[in-house]
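Structure record follows, encoded as C-alpha cells.
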Amino acid sequence: MSSRCGKSGGGGGGGGGKAVTLQNLNPNIIKLEYAVRGPLVIRAAAIEKELQSGAQKPFKKVIRANIGDAHAMGQEPITFIRQVLACVVLPELISKDLFPEDVQQRACDILSSCGGKSIGSYTVSHGIELIRKHAAEYIERRDGHKANWEDIVLTAGASSAIKYVLQLFCNNIGGKPSGIMIPIPQYPLYSASLAEFGLEPVRYYLDEDKNWALDVKELERSLNEAKSKVNVRALVVINPGNPTGQVLTRENIEELIKFSHTHNLLIFADEVYQDNVYADGSKFFSFKKVMKEMGSPYDKHELASFMSVSKGYMGECGLRGGWMELCNIDPEVQANMYKAISAMLCPTTLGQTAVSCVAKPPKEGDPSYEQWKQEKDAVLGSLNKRAKMIAETFNKMEGFKCNIVQGAMYAFPRFELPPKAVEAAKSDGKPPDTFYAFQLLENTGICVISGSGFGQRPGTYHFRTTILPQPDLLQEMLDSFRKFHSEFTKKYS
Ligand SMILES: Cc1ncc(COP(=O)(O)O)c(C=O)c1O
C-alpha cells in the first residue's frame, strides 16, 4: 500500500497507515453529538486554563452552568452516604466505631453480600441482590405497589441502563430501522445514543406555551409522519424534564400510557429527577404507579423506568450508581437483556453502595436519621429557592420568557435575538443561539448550553442553564448575565 493510501486510510492494513481513520470510522460515531460536553464546554475549559496562566479577561472565573453536576458546583455530600462508602472501602473503620451504628450495620450488610467480603470484587452483573431488594422496597414505599427485586437492575448510572434498553431495538424489520420517540427539547444522551446505535429519532415537540406539557395530538402527528420510514417501537418521556423542568400531571401520564398502549410502544420513563420537584401544586407520579392504578389492560404495559444517584438531593454523579425497573417485559426478552448486561461484568460497587443508601436511607429513630434529613431538606430547599430565583430573573429581562422550573435542575428560557445578531451568527458559521452562548462565555465566563444542543422549534432560541451554582454565585451569575444581555442587545440593534 502506498504511503498516500496509508494517510487517507482507505482500508488500513500494513504500510504504516492508521487502521482506523475518519474515512473508515463507524459513521455513527461521527454523527453522534453530545452538546452538554460539546464545543462550548471545551472552550470554557480552555478559558479556565487561560485565566490560570494570567490572561486578562472581563471576568475572574468560569461559571459552569452547563451540566447537572451538583458537587462540581459546591454542593456538600450527604454524610450518611459518605460514611457508608468510607466503611465499605476501609472495613477497619467499622471496628474503630467512628460512625453511627446504622452506618456500620449497612456497611457490614453490603460487605457480606460481596464476594470475598470485599468491595473490590465483581458482583452479579445486575447488581448485589441485597441492594436490588433495597431498590424494590424504595419503589414499593414510593408507589404503594409491589415491586419485584428480580426486575430491578443496578447500573453504572441511568445512562448505561438507558443504553441497555435502547440496544433491544437495534434491528431492521421489513427493511425499516427502529424509531424511538424522543421529546424535543431532549436530554442529548438520547439523540447521541440513537445516533450511536443507528436508531432513528422520532421527534415530538413539547408545548412551551403549556409549560412544556406533552400533547397527545403532537405525539400522533410525529408517529404518523414517521411510520412509513421507520418502525416506531418506543416512547421516551423525561419526567421531571431535562432541559425543560416540567413535572407531568397524573392525567398527562395517563394519556401517554394510553397512547403507548394503542401504538404498542415500550415506555422509557426517565425519572432520575423524581426527588427534584419544587413548584407549588406539582407532584411527581411514577409511570409505574399510574399504570398500575389505571388497571387492565394498561397495568400490563411494557415499561422501563430509570433512577440515578447522580441527581435528587445526593448529586453523587461520579460514583456512577443507578437502577432500572423493568415491568411487563417478555421474560425471554428480559433474559436476553440480562445476558447482554452480563457481558459488562458489573456496575461499580461504590455506585451500588450509593444506591443502597439512597434506596434505603436512615429511617426515623435511626442514629443517622436527623442529620440525613436535615442535609436532604437543606439541599432541596435551596434548590427550590434557586429554581424560583432563576425563572423570575429571566422573566424580568427584555425579550426573555422562562417557564417556571417545576422540577429537575434546569431552566430553558426562550429569548429573542435582533436580526443583526442573527446575521453576525451566520457570518460566524454558528446557529444564532450558539453564537449568543459563545459571546456570553467570552464576555462573562458563564457557560450555558444553547438550545440547538437539545432541539427546539425552528426559529426559536433558547439555552439551558442549571440551577446549581450556590446562591451567592448564582446571584453574581444572574447580575452579570443581565448586564451582558443588555449590552449584547444594544450592540446588535
Ligand atoms: C434526564 C436524564 N437522564 C439520565 C441522565 C444520566 O444520569 P446518570 O448516568 O449520571 O445516572 C441524566 C443526567 O444528567 C439526565 O438528565
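A few notes on this one:
- The set of residues from region 445-459 being surrounded by fewer than 22 Cβ atoms within 10 Å (Cβ to Cβ) and either modelled with pLDDT of 95 or more or among the charged types (D, E, K, R) (or both) comprises G445, R457.
This table checks each residue for (1) outside any helix (DSSP H, G or I); (2) open to solvent by less than 50 Å² (accessible area, probe 1.4 Å); (3) in contact with a strand residue (DSSP E or B) (Cβ under 7 Å, 6 or more places away or on another chain).
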residue	(1), (2), (3)
D97	yes, no, no
A107	no, yes, no
V124	yes, no, no
V153	yes, yes, yes
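- Some residue of region 166-184 being within 15 Å of the ligand (Cβ to nearest atom), surrounded by fewer than 24 Cβ atoms within 10 Å (Cβ to Cβ) and of a type outside the set (V, I, T): yes
- From M307, M337, residue being among the hydrophobic types (A, V, I, L, M, F, W, C) and within 16 Å of the ligand (Cβ to nearest atom): M307
- Listed by first and then second residue, the pairs linking a residue in region 267-283 that is in contact (Cβ under 8 Å) with a residue 60 or more places away in the chain and within 14 Å of the ligand (Cβ to nearest atom) to a residue that is of a type in the set (S, T, Y) and outside any loop (DSSP other than H, G, I, E, B), with Cβ atoms under 9 Å apart and 6 or more places separating them unless they lie on different chains, are F268/Y190; F268/S305; D270/Y190; D270/S305; V272/S308; Y273/S308.
- Per the listing T393, T353, the residue uniquely at pLDDT below 95 and in contact with a Leu (Cβ under 6 Å, 6 or more places away or on another chain) is T393.
- Evaluating W323 against the criteria (1) buried (at least 18 other Cβ atoms within 10 Å of the Cβ); (2) modelled with pLDDT under 95 leaves one unmet condition, (2).
- Taken over region 432-448, the criterion of being touching a strand residue (DSSP E or B) at 6+ places or on another chain (Cβ under 9 Å) and in a helix (DSSP H, G or I) is satisfied by P432, D433, T434, F435, Y436, A437, F438, L440, L441, T444.
- For region 328-429, the helices (runs of 4 or more DSSP H) that sit wholly inside it and include 2 or more residues that are in contact (Cβ under 8 Å) with a residue 12 or more places away in the chain and not assigned by TED's automatic domain parsing to the domain that holds L440 are 331-342, 349-359, 369-396.
- Complete set of residues in region 221-241 that are of a type outside the set (K, R), more than 16 Å from the ligand (Cβ to nearest atom) and in contact with a strand residue (DSSP E or B) (Cβ under 9 Å, 6 or more places away or on another chain): S222, L223, E225, A226, S228, V230, N231, V232
- Complete set of residues in region 383-398 that are open to solvent by 20 Å² or more (accessible area, probe 1.4 Å) and basic (K, R): K385, K388, K396
- Selected residue (criterion: farthest from I184 (Cα to Cα)) from residues of region 194-210 that are out of contact with any Leu (no Cβ under 6 Å at 6 or more places or on another chain) and open to solvent by less than 30 Å² (accessible area, probe 1.4 Å): L199
The values are calculated or read from the model by the stated rules, or taken from the named source; none is laboratory data. Everything numeric in this text was worked out from a predicted model, so none of it was measured. Note that each Cβ is placed from the backbone with ideal geometry, even for glycine, and that neighbours are counted across all protein chains shown. Note: accessible area is taken over every heavy atom of the protein model, side chains too, but ligands, DNA and RNA are not part of it. Shrake-Rupley method; radii C 1.70, N 1.55, O 1.52, S 1.80 Å.
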